[in-house]
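Read the structure below first, then the notes.
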Amino acid sequence: MKIAISVTTAGAGAKLEMRFGRCPYFAVYDNVTKEYEWFENSGIKAASGAGTGASQALLDRGVEVVISGQFGPKASQVLGAAKVKMLLGSPELPIAEVIAKWQADELKEYTIQKF
């Protein structure tokens, strides 16, 4: 299974970034191989549609779970429609701790607000 995490930077020193669509980088962790793929979020500079662009980039990589601090309405709509599980993490949490909390099932699931 592939898990995507919005992060502040690429590499071992990465920490959870609160903004999904406007995060600088994503880490995609494969829990089978225990390897990471790091990539820059090209939507960070977009005038609009950052969340949908980021969502599509993750869907293209086969991600099944996304961990971030928050999700915008468009991103959550795209990810929800694709049956991707969205989880909420704490600000500035080191990536190793994010993965440990995911493995221990300690992260709260994001629910789409319906009005």
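Residues in segment 14-30 that are closer than 17 Å to V98 by Cβ and either in a strand (DSSP E or B) or without any contact (Cβ under 8 Å) to a residue 40 or more places away in the chain (or both): K15, L16, R19, P24, Y25, F26, A27, V28, Y29, D30. Within segment 49-60, no residue satisfies the criterion of being farther than 17 Å from P24 by Cβ and touching a strand residue (DSSP E or B) at 6+ places or on another chain (Cβ under 6 Å). Note on segment 83-115: residues that are farther than 22 Å from W38 by Cβ and either among the aliphatic types (A, V, I, L, M) or assigned to a loop (DSSP other than H, G, I, E, B) (or both) total 10. One residue stands out among those in segment 32-45 that are touching a helix residue (DSSP H, G or I) at 6+ places or on another chain (Cβ under 8 Å) and over 11 Å from A4 (Cβ atoms): the one that is surrounded by the most Cβ atoms within 10 Å (Cβ to Cβ), which is G43.
When residues of segment 74-95 are filtered for being loosely packed, with under 13 Cβ neighbours inside 10 Å and without any contact (Cβ under 8 Å) to a residue 40 or more places away in the chain, how many remain? Total satisfying the criteria: 2.
Looking across segment 96-115, just one residue is in contact with a Lys or Arg (Cβ under 7 Å, 6 or more places away or on another chain) and surrounded by 13 or more Cβ atoms within 10 Å (Cβ to Cβ), and that is L107. When segment 53-73 is filtered for residues that are among the small types (G, A, S), farther than 15 Å from G21 by Cα and without any contact (Cβ under 8 Å) to a residue 60 or more places away in the chain, nothing remains. Each residue in segment 31-76 was checked for being outside any helix (DSSP H, G or I), at pLDDT below 95 and hydroxyl-bearing (S, T, Y), and 1 pass. Summed over segment 45-61, the residues that are β-branched (V, I, T) and farther than 13 Å from A75 by Cβ give a count of 0.
The values are calculated or read from the model by the stated rules, or taken from the named source; none is laboratory data. What you see is a predicted model, and the numbers here were worked out from it, not measured in a lab. With ideal geometry, Cβ positions are generated from the backbone for all residues, glycine too; neighbour counts draw on all protein chains shown.
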